[in-house]
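Student: This is the structure I have questions about; it appears just below.
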Amino acid sequence: MPDVQALVNDFVLKLKRRKIEGSHASARHTAELLRSVISHQRMPYMNQAGALIDAVKAVGEQLIAANHVELAVGNIVRRVLHIIREEDLSSTATGIEGLGISAGSDDDDEGQREDRPALSAAALAAAARSTLRAPSLQTLLEDIPDSAAAPQPPSSGGDSEGKSKSADKNLRSRKLKHDVIEAINELIQDIDTCHEQISEQAVEHIHQNEVILTLGRSRTVKEFLCAAKEKNRSFRVFVAEGAPRYQGHVLAKELVGKGIQTTVITDSAVFAMISRVNMVIVGSHAIMANGGVIAPVGINMVALAAQRHAVPFVVVAGSHKLCPLYPHNPEVLLNDLKNPSDLMDFGEFSDCMDFGSHGGSPLLHVVNPAFDYVPPKLVSLFITDTGGHNPSYMYRLIADYYSADDLVVKRSYLLSVLLMTGTLGIRINLKKLRTAEENFANSIGCWCNKPVEAPSSKTLAFIVQI
């Protein structure tokens, strides 16, 4: 699929060059790209969900590696993987129902229950496994018609049977792909409408004559405050300017344009003004699995001031910002350093940055971090497009959106072997095969916490040929 690969390469390049920044833009572009990847993916006869998962993981690895700061990219990749698993499970359950496997209802009379034996949980599990399991060699041989052993003249019935099997295969593949694409379309719609859904809850949290403090500029916060104003709530907003990018100035102009009384303060004046505030409302860059928040720099200081003066600290964020990872995970990059020229003019401090003295190391260093980490104990309430939640509830909300198998987006080892060999059934290069054997043994040894002997070349060759 050359066209899709070109789209992937273009998006990866934009992420690396920071042409696409922000959780909303990154999440939407990622969902649209993965929708294109799935729509162009060829579906095999067996394990169609596995083929989609491997294709999404292959693209997701590239996207996540392009810019680790944009956690929304990894969130959407994991959401799409969860969608594929859910749709596959739903189609499997539908297939089991089509086999006539159902439990007896309470409305059935006693005579019907005696005529129809009840199925145990083991029978249901066996039926599910047989539906999911690939056909064995014995089953395939038993299904061979007698005409295969003794050649007979071709008949129209055999042709129609083959056509019907091919039609069933195409129907199953189209249905799974169609259901997944429809679910991704709903995800994109949720991303686009998350601001409106969050804003609908504004009147429940903002009351008459309240004083609200925020820092920097967040579209979600702006929509939240404007929605309360449209409901005839009268309140005042203190906006900390958010140095050194001063996005608070932009937010202040937008709020004044909506008729909201606004006061701009410096970041260092937050502690001095917090005693007059009834509530702090801020946006976020990501919400971690433990309820911690990655937010623009300076918000941790605001959270500490709010805790000191017992002021509620509220975080508004869309569900696409919910990240299933923890801050201590190695794949989580908590911060990003921006251009030092935002803080000072290098022309004025050129004398302090003379690399020719002091052993080639300057005495002045300029650090411009982009984000703060706010621990969950400082957060009073999360407001998402699904409602308001306490920090202790976030792990359950995240469990509804992500699968535990997709926390680390990497392709499976067997897929790597298959990709290394090219096409299924092709003879394997012995040198590559021995490397694959050692990696396979090391992987299994890490899982089992004990050394495992590498499989033979015949074993891996048999796996690849299957």
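Student: Would you pick out the residues in the range 228-262 that are without any contact (Cβ under 8 Å) to a residue 24 or more places away in the chain and part of a helix (DSSP H, G or I)?
Tutor: Glu230, His249, Ala252, Lys253, Val256, Gly257, listed by residue number.
Student: To continue, here is another question. What pairs come out if I take residues in the range 263-282 that are under 17 Å from Ala310 (Cβ atoms) and pair them with residues that are open to solvent by 70 Å² or more (accessible area, probe 1.4 Å) whose C-beta lies under 6 Å away, six or more apart or interchain?
Tutor: Ile274/His309; Ser275/His309
Student: Only one of these is at pLDDT 95 or above, crowded, with 16+ Cβ neighbours inside 10 Å and touching a strand residue (DSSP E or B) at 6+ places or on another chain (Cβ under 6 Å): Val280, Val256. Name it. Give the steps one after another, and end with the answer.
Tutor: Values: Val256 fails: crowded, with 16+ Cβ neighbours inside 10 Å.
Val280 is the lone residue from the list that is at pLDDT 95 or above, crowded, with 16+ Cβ neighbours inside 10 Å and touching a strand residue (DSSP E or B) at 6+ places or on another chain (Cβ under 6 Å).
Results for (1) at pLDDT 95 or above; (2) in contact with a Cys (Cβ under 8 Å, 6 or more places away or on another chain); (3) open to solvent by 80 Å² or more (accessible area, probe 1.4 Å), shown as yes or no for each residue.
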residue	(1), (2), (3)
Gln152	no, no, yes
Gly158	no, no, no
Ser166	no, no, no
Lys222	yes, no, no
Val239	yes, no, no
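Student: Go over the candidates Val315, Val311 one by one and state the one that is within 16 Å of Gly216 (Cβ to Cβ) and at pLDDT 95 or above.
Tutor: Numbers: Val311 fails: within 16 Å of Gly216 (Cβ to Cβ).
The conditions single out Val315.
Student: With respect to Pro327, is the statement that it is in contact with a strand residue (DSSP E or B) (Cβ under 8 Å, 6 or more places away or on another chain) and either modelled with pLDDT of 95 or more or under 23 Å from Ile206 (Cβ atoms) (or both) true?
Tutor: no
Student: Does Arg217 meet the test of being among the charged types (D, E, K, R) and free of Cβ contacts under 8 Å to residues at least 60 places away in the same chain? Walk me through how you get there before you give the answer.
Tutor: Details: among the charged types (D, E, K, R): yes; free of Cβ contacts under 8 Å to residues at least 60 places away in the same chain: yes.
Yes: the conditions hold for Arg217.
Student: Consider Tyr45 against the criteria (1) open to solvent by 40 Å² or more (accessible area, probe 1.4 Å); (2) outside any loop (DSSP other than H, G, I, E, B); (3) of a type in the set (Phe, Trp, Tyr): it satisfies all of them except one. Which criterion is unmet?
Tutor: (2)
Student: Show the residue pairs that are 6+ apart or on different chains and have beta-carbon atoms under 6 Å apart, the first residue being within the range 21-33 and not assigned by TED's automatic domain parsing to the domain that holds Leu322, the second being surrounded by 23 or more Cβ atoms within 10 Å (Cβ to Cβ) and of a type in the set (Lys, Arg).
Tutor: From the range 21-33, the pairs are Ser23/Lys321.
Student: Restricting attention to the range 211-225, report how many residues are at negative phi and not in a helix (DSSP H, G or I).
Tutor: Here is the first cut: in the range 211-225, the residues at negative phi are 211-215, 217-225.
This time we only want the ones that are not in a helix (DSSP H, G or I), so: 211-215, 217-218.
So the answer is 7.
Student: Separate question: Looking at Asp179, is it modelled with pLDDT under 95, among the acidic types (Asp, Glu) and touching a helix residue (DSSP H, G or I) at 6+ places or on another chain (Cβ under 8 Å)?
Tutor: yes
The values are calculated or read from the model by the stated rules, or taken from the named source; none is laboratory data. Just so it is clear, the structure is predicted and the values come from calculations on it, not from any experiment. Note that we place each Cβ from the backbone using ideal geometry, even for glycine, and neighbour counts take in every protein chain shown. The protein model used for the area step is the full one, side chains on, heavy atoms only, and it has no ligands, DNA or RNA in it. Shrake-Rupley method; radii C 1.70, N 1.55, O 1.52, S 1.80 Å.
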